[in-house]
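Nothing in this text is a laboratory measurement; each read-out follows from the coordinates by a stated rule. All of these numbers come straight from a predicted model, not from anything done at the bench. Methodologically, a virtual Cβ is constructed for each residue, glycine included, from the backbone with ideal geometry; neighbour enumeration extends over all protein chains shown.
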């Protein structure tokens, strides 16, 4: 096996090939362009019509990065849930962090993904941001990192690990269930709303002279923490409902590496995959 040293890390040459292929891949690129990229990186000839399947297959089988783990988890555990009652969101803003996956139903859930290529360096900061907003916190990690997670995380955080099964596919298993988060921050929840959205709640839609912090403080005197939490959940569900339902309805026409892209861009797959 050929090895390459990159930034102090020793990596198999094949892994670098898959990573380079992933970095050059985009759903917006034409089949012809992807064939040229594939042949330049992999050094093999390939037919045009099957190129997206080939690239997705190579990366899904050999380079388990965040996008791969995220898509696999959505496909195995979230797509079966009712799209009317359960809204899945990709890369949701959460303070100074971005939640890899959020799921809003009767409760709010956040899933932070750390692959074998990621460190836990920012994890505590991310979890602090998440506990301000979400009812249940989860982390998705390789099986080999469970002990590190146990040392790093509060016992209320759920732990889900992934591993390669006998067929070489990704499997997920819950190591520890998440417990109800009791450190929600109503002020931070309201601050996730735009000023325009807050003015609508405050019934002062056109009064832009009001300061956002003043609007939030006023709303906090009118609503209980439970009411604010319910408002945050319901508003977030409504905001992303259309995007999730589009992906849910078209999931079988979307390649797994493109789940997040089609969630953000609800476009006809036939026009994109050309």
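Just a few scattered comments:
- Overall form of the stretch 67-182 per C-alpha gyration tensor (a/c, 1.5; a/b vs b/c): oblate
- Ranking of 221, 30 by neighbouring Cβ atoms within 10 Å, starting from the fewest: 221, 30.
- Degrees separating the helix 51-62 axis from the principal Cα axis of the chain, which is the longest one: 80
- Exposure proxy for 167, 92: other Cβ atoms within 10 Å of each Cβ, ordered fewest to most, give 167, 92.
- Helix 212-222 axis, angle to the chain major axis (alpha carbon atoms, nearest 10°): 60
- Restricting attention to the chain, close to 70% of DSSP beta bridges with both partner residues there are antiparallel.
- Mean Cβ count within 10 Å, highest first, over the residues of peptides 237-250, 99-112: 99-112, 237-250
- Principal axis analysis of the Cα atoms in the stretch 121-274 yields extents of 60, 48, 25 Å, listed in decreasing size.
- The Cα atoms of the stretch 64-112 define a convex hull whose projected area, averaged across directions, is 3.6 nm².
- Gain in span if fully extended, residue 57 to residue 85, counting 0.36 nm per residue against the direct Cα distance: 6.9 nm
- Beta bridges assigned by DSSP with both partners in the stretch 67-182 are antiparallel in approximately 65 percent of cases.
- Once the Cα atoms are used to define both axes, helix 31-42 deviates from the longest principal axis of the chain by about 60 degrees.
- Note on the chain: with a GNM built from Cα contacts shorter than 10 Å, the maximum mean-square fluctuation among 259, 117, 38 falls on 117.
- Overall shape of the chain was characterised from the C-alpha gyration tensor. The equivalent ellipsoid obtained from it has semi-axes of 37, 24, 17 Å, in decreasing order.
- Virtual spin-label span in nm between residue 209 and residue 76, 7 Å along Cα→Cβ: 5.8
- Distance (nanometres) between label positions extended 7 Å along Cα→Cβ at residue 182 and residue 271: 5.2
- Residue 196 versus residue 49: modelled label distance in nm, points set 7 Å from Cα along the beta carbon direction: 4.6
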